[in-house]
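Student: My structure is below; once you've seen it, I'll send some questions.
Throughout, read-outs are computed from the coordinates displayed, never taken from laboratory work. In this text, all values refer to a predicted model and were calculated from it rather than measured experimentally. Note: ideal-geometry Cβ built from the backbone for every residue, glycine included; neighbour counts use all protein chains shown.
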Amino acid sequence: MKMLVIVFRESLVEQVHALLNEYEVSAFSELQNVTGKGVTGSTSQFFLAPTTNRMILAAVADQLAYRLIDAFTRFRLEQEAAKGDSLFPLHVFVMPCEQAV
């Protein structure tokens, strides 16, 4: 099992949810108004600011994790090509996951 940590700008919520739905990911935790600083810049601390991030934590089977990573990679590359910018605000991290309780 893998834990995917998906961090993205609030403005991408519909596209990210669509990808999760496409791959039948029906169980995840979602954090709204996530702030921080990274390669795509700082996020605002104001409620529902355009630069606010969201974070989704999804524990999925290994095979599904790799399929999702491929899907998010394709989505990010398409968006970067369309915008002509390689600093697209979508990041996916993966780590081993074992349910303890």
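Student: So how strong a dipole does segment 2-96 carry about its Cα centre when Lys and Arg Cβ are +1 and Asp and Glu Cβ are -1, to the nearest 20 debye? Present the calculation step by step, with values, prior to reporting the outcome.
Tutor: Working: 8 positive and 10 negative charges, 52 e Å.
The dipole of segment 2-96 has a size of about 240 debye.
Student: Which one of Ala71, Asn53, Ala18 has its Cα pushed farthest toward the positive end of the charge dipole of segment 2-96, where Lys and Arg give +1 and Asp and Glu give -1 at the Cβ?
Tutor: Value computed over the given set: Asn53.
Student: Within 14 Å, Cβ to Cβ, of Tyr66, how many net charges do the neighbouring residues add up to if Lys/Arg are +1 and Asp/Glu are -1? Working shown, then result.
Tutor: Values: positive: Lys2, Arg67, Arg74; negative: Asp62, Asp70.
After counting each charged neighbour, the total is +1.
Student: Sticking with this one: Compute the angle between helix 13-22 and the longest alpha-carbon principal axis of the chain, please, reported from 0 to 90 degrees and rounded to the nearest 10.
Tutor: 20
Student: With axes computed from alpha carbons, what is the tilt in degrees of helix 62-83 against the longest principal axis of the chain, rounded to the nearest 10 within 0 to 90?
Tutor: 20
Student: Also, quick follow-up: At a 10 Å Cβ-Cβ cut-off, how would you order Tyr23, Tyr66, fewest neighbours first? Walk me through the numbers before you get to the answer.
Tutor: Values: Tyr23 16, Tyr66 13.
Lowest to highest Cβ neighbour count: Tyr66, Tyr23.
Student: Sticking with this structure for a sec: What is the extension gain from Val5 to Tyr23, computed as 0.36 nm multiplied by their sequence separation minus the C-alpha to C-alpha distance, in nm to one decimal? Each step should come with its number before you reach the end.
Tutor: On the way: separation 18, 0.36 × 18 = 6.48 nm, distance 1.58 nm.
Stretched out fully, the Val5 to Tyr23 stretch lengthens by 4.9 nm.
Student: Next question. Residues with beta-carbon under 14 Å from that of Met95, excluding Met95: net charge, scoring Lys, Arg +1 and Asp, Glu -1? Walk me through the numbers before you get to the answer.
Tutor: Values: positive: Lys2; negative: Asp62, Glu98.
So the environment of Met95 carries a net charge of -1.
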